1. Among the listed residues 198, 180, 205, 151, which satisfies the condition of being among the aliphatic types (A, V, I, L, M), touching a residue at least 12 places away in the same chain (Cβ under 8 Å) and in a loop (DSSP other than H, G, I, E, B)?
2. Filter segment 112-129 down to the residues that are within 16 Å of the ligand (Cβ to nearest atom) and in a helix (DSSP H, G or I), then identify the one that is farthest from residue 160 (Cα to Cα).
3. Taking residue 42, is it surrounded by 11 or more Cβ atoms within 10 Å (Cβ to Cβ) and charged (D, E, K, R)?
4. From (1) within 21 Å of residue 211 (Cβ to Cβ); (2) of a type in the set (Gly, Ala, Ser); (3) touching a Gly at 6+ places or on another chain (Cβ under 9 Å), pick out the condition that doesn't hold for residue 50.
Amino acid sequence: MSFPPIRPELAGIEPYGAPQLPIDRVPVQLNVNENPYGPSEECIADIAAAAADAARTLNRYPDREFVALRTALASYLSRDVAGEITPDQVWAANGSNEVMLQLLQAFGGPGRTALSFAPTYSMYPEYARDTHTRWVAGRREDDFSLDLDVARDLVKTEQPGVILLPSPNNPTGTALPPDAIGVLCEAAGDGLVVVDEAYGEFRRAGVPSALELLPTYRNLVVTRTMSKAFAGAGLRLGYLAADPAICDAIRVVRLPYHLSAVTQAVALAALGHAPELLSKVDELRAERDALVDWLRSESYDIADSDANFVLFGRFADRHAVWQGLLDRGVLIRETGPDGWLRVSVGTPDEMAAFRAALIEVTQSDV
Ligand code: PMP
């Protein structure tokens, strides 16, 4: 056996991750759907004070049940729905990636299936692989929507333990209508339907959150993150809302004290500044819509986007375009179906730099 004695199915696999390049070399970074706006000095001061308070207790383990944070997240989510979301309906972990991995640890596993519809978020098959869950990917239509009859049939045939539905979808930006979620919750039977709303806050007006459906479907889980609209990617805090029995089941698989005292304190302080941290969402949506209009006027194919990024194409050699942009100091993401590229929505200056670089690259030999 070769060294190290890694599980054979993991041998030779590259770890997941977009290139991380220094900002002084690549000033325009539009590749991982971050919020380009950082916190105010006032918010920074509150976060620093909260971290200092947490530091005073670092000799002790943190609150394993993170009650204060669950309570704050529940009241934050309750603002988005007609009824109330209670703290026992909320769970959190270090990013929504960890939340979803825990869901697969508890509800996937050997003999069970996880299902999504491609193109979809590329971490999902990794959660499945790492939890020995069988992975099935159905397909989206050419416009990246779901054909509900086909999707329902696939769910009935495969009987997945967990269905992963990003809405808005990454990398296409497509949001799911509520009736689609309802149909799949019913078709899933005892299986969980996880609606991944990492980009939920960027939805266009009139597209409701799946949170509204929680009282109707016991098997529905809605995941969210502080990484995107909330401008807290560095914080690593993702969370979910679901039936309390689902949260309880996750407690069986989570590592003890998985949320550090510093994470809990900083997340709580950041939630206290929610209006400020979310204040750029409207601007980012307007910037996204302007980007879509501009790309269309330049005759690109575009996937309609409810997120803070846009998938556009198609290029005979997308890698050459990606590289040409990088050579001009603009980093975007080479992802999605062949021929397409994904760009995150940044500040007006960053978008101007992207547009200028794209014109240059496509007018050169590429
Ligand atoms: N879901 C989707 C659809 C994503 O695109 C991402 C991040 N790229 C995540 C979940 C995970 O984000 P985080 O772990 O930062 O919460």
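1. From the options 198, 180, 205, 151, the qualifying one is 198.
2. In this case the residue turns out to be 126.
3. no
4. (1)
Conditions (1) modelled with pLDDT of 95 or more; (2) farther than 23 Å from residue 196 by Cβ; (3) of a type outside the set (A, V, I, L, M, F, W, C), marked per residue:
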| residue | (1), (2), (3) |
| --- | --- |
| 11 | no, yes, no |
| 15 | no, no, yes |
| 19 | no, yes, yes |
| 45 | yes, yes, no |
| 55 | yes, yes, no |
| 59 | yes, yes, yes |
| 68 | yes, yes, no |
| 79 | no, no, yes |
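The values are calculated or read from the model by the stated rules, or taken from the named source; none is laboratory data. Just so it is clear, the model here is predicted, and its values are computed rather than measured. As a convention, Cβ positions derive from the backbone with ideal geometry for all residues, glycine included, and neighbour counts pool all protein chains shown.
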